[in-house]
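The values are calculated or read from the model by the stated rules, or taken from the named source; none is laboratory data. None of the values given here were measured: they were computed from a predicted structure. Methodologically, a virtual Cβ is constructed for each residue, glycine included, from the backbone with ideal geometry; neighbour enumeration extends over all protein chains shown. Protein only, heavy atoms only, side chains kept; ligands, DNA and RNA dropped before computing areas. Shrake-Rupley method; radii C 1.70, N 1.55, O 1.52, S 1.80 Å.
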Amino acid sequence: EPEVTQTPSHQVTQMGQEVILRCVPISNHLYFYWYRQILGQKVEFLVSFYNNEISEKSEIFDDQFSVERPDGSNFTLKIRSTKLEDSAMYFCASKEDPSTDTQYFGPGTRLTVL
Amino acid sequence: AQSVAQPEDQVNVAEGNPLTVKCTYSVSGNPYLFWYVQYPNRGLQFLLKYITGDNLVKGSYGFEAEFNKSQTSFHLKKPSALVSDSALYFCAVRDIESNYQLIWGAGTKLIIKP
């Protein structure tokens, strides 16, 4: 069964450094999402992406964040200058098309900012 | 604003007993409701959804959920719990005011004791 994959599973970085989190969505899916979950807190929506552009973003997704689909398979989340409060589990999700509602999630990347 | 509430942080059930994990929602318009499960060190796994139709929705691993419009609830149920059902369960609603992003409950930790 096809699944969403994410790399790395755990990323440790120093405050102020740039990180790139990578996701490979399910191959025929068209909508892509990033969510994050700070330890002990709710899952929060960050951004949705369709047709090579951001379709929606939350207040969390400020200028320090960016997303890209550099090729036909990868979907990346970049944090330009990490802060301590960026430490969280980051989940990528994908969805087939507008008529479906089920988002399929990857296993997540745990980001630790020191 | 749309929201999802999971009133119980943790639910303890003996193996073989029926289980219920509660979820209530607040939306404008018709709700699209989801349950996801998160096993330790794993991503969010889709269990089931309600879009329209029968109020009782059946999903993976023997789980089902009942949509109750008058009580604005979407409780997750299973007739006979297994120890392997122990995990974190999240209820979510699709944000109809936005581009299909999911709004999440805080999660309920389900512990099944042998």
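For the structure I just gave you, tell me whether A:Y35 is out of contact with any Leu (no Cβ under 7 Å at 6 or more places or on another chain) and touching a residue at least 40 places away in the same chain (Cβ under 8 Å). Break it down stepwise before answering.
Details: out of contact with any Leu (no Cβ under 7 Å at 6 or more places or on another chain): no; touching a residue at least 40 places away in the same chain (Cβ under 8 Å): yes.
In short, no.
Anything in region A:96-114 that is buried (at least 22 other Cβ atoms within 10 Å of the Cβ) and not aromatic (F, W, Y)? List them, or say none.
Correct list: A:Q103, A:G106, A:G108, A:T109.
Might you check whether a residue that is farther than 26 Å from A:E96 by Cα, among the small types (G, A, S) and buried (at least 20 other Cβ atoms within 10 Å of the Cβ) occurs anywhere in region B:42-58? If you could, list the steps in order and put the result at the bottom.
If we filter region B:42-58 for residues that are farther than 26 Å from A:E96 by Cα, which is where we start, we get none.
The answer is no, given that none of the residues of region B:42-58 is farther than 26 Å from A:E96 by Cα, among the small types (G, A, S) and buried (at least 20 other Cβ atoms within 10 Å of the Cβ).
Let me confirm something: among B:L88, B:L44, which residue is in contact with a Lys or Arg (Cβ under 8 Å, 6 or more places away or on another chain) and modelled with pLDDT under 95?
Details: B:L44 fails: in contact with a Lys or Arg (Cβ under 8 Å, 6 or more places away or on another chain).
Unique residue meeting the criteria: B:L88.
Take residues that are more than 25 Å from A:L30 (Cα to Cα), within 14 Å of chain A (Cβ to nearest Cβ) and without any contact (Cβ under 8 Å) to a residue 12 or more places away in the chain and tell me which of the strands (runs of 3 or more DSSP E) falling wholly in chain B contain 1 or more.
Working: elements: B:3-5, B:10-14, B:19-21, B:24-26, B:33-38, B:44-50, B:56-58, B:64-68, B:73-78, B:87-94, B:102-104, B:108-113.
Result: B:56-58.
With the structure loaded, tell me whether A:F65 is among the hydrophobic types (A, V, I, L, M, F, W, C) and either more than 10 Å from chain B (Cβ to nearest Cβ) or in contact (Cβ under 8 Å) with a residue 40 or more places away in the chain (or both) or whether it fails that test.
Details: among the hydrophobic types (A, V, I, L, M, F, W, C): yes; either more than 10 Å from chain B (Cβ to nearest Cβ) or in contact (Cβ under 8 Å) with a residue 40 or more places away in the chain (or both): yes.
Yes; evaluated as a whole, the condition is true for this residue.
From the list B:K69, B:K109, B:K58, which one is among the basic types (K, R) and under 20 Å from B:V27 (Cα atoms)? Write out each step before concluding.
Working: B:K109 fails: under 20 Å from B:V27 (Cα atoms); B:K58 fails: under 20 Å from B:V27 (Cα atoms).
Only one candidate qualifies: B:K69.
Cβ-Cβ distance below 6 Å, separation of 6 or more or different chains: which pairs start in region A:81-109 with a residue that is under 9 Å from A:Q6 (Cα atoms) and end on one that is basic (K, R)?
Correct list of pairs: A:P107/B:R42.
Taking the stated definitions as given, is A:F75 out of contact with any helix residue (DSSP H, G or I) (no Cβ under 6 Å at 6 or more places or on another chain) and either within 14 Å of chain B (Cβ to nearest Cβ) or surrounded by fewer than 16 Cβ atoms within 10 Å (Cβ to Cβ) (or both)? Show your work before the answer.
Details: out of contact with any helix residue (DSSP H, G or I) (no Cβ under 6 Å at 6 or more places or on another chain): yes; either within 14 Å of chain B (Cβ to nearest Cβ) or surrounded by fewer than 16 Cβ atoms within 10 Å (Cβ to Cβ) (or both): no.
No, not satisfied.
Filter region A:31-50 for residues that are open to solvent by 40 Å² or more (accessible area, probe 1.4 Å) and either over 19 Å from B:Q38 (Cα atoms) or within 7 Å of another protein chain (Cβ to nearest Cβ) (or both) and give the result.
Going through region A:31-50, the residues open to solvent by 40 Å² or more (accessible area, probe 1.4 Å) turn out to be A:39-42, A:44, A:50.
Selection gives A:K42, A:Y50.
Looking at A:V67, A:V19, A:V12, which one is touching a helix residue (DSSP H, G or I) at 6+ places or on another chain (Cβ under 9 Å), over 21 Å from B:F34 (Cα atoms) and either modelled with pLDDT of 95 or more or polar (S, T, N, Q) (or both)? Talk me through it step by step, then tell me what you get.
Working: A:V67 fails: touching a helix residue (DSSP H, G or I) at 6+ places or on another chain (Cβ under 9 Å); A:V12 fails: touching a helix residue (DSSP H, G or I) at 6+ places or on another chain (Cβ under 9 Å).
From the options A:V67, A:V19, A:V12, the qualifying one is A:V19.
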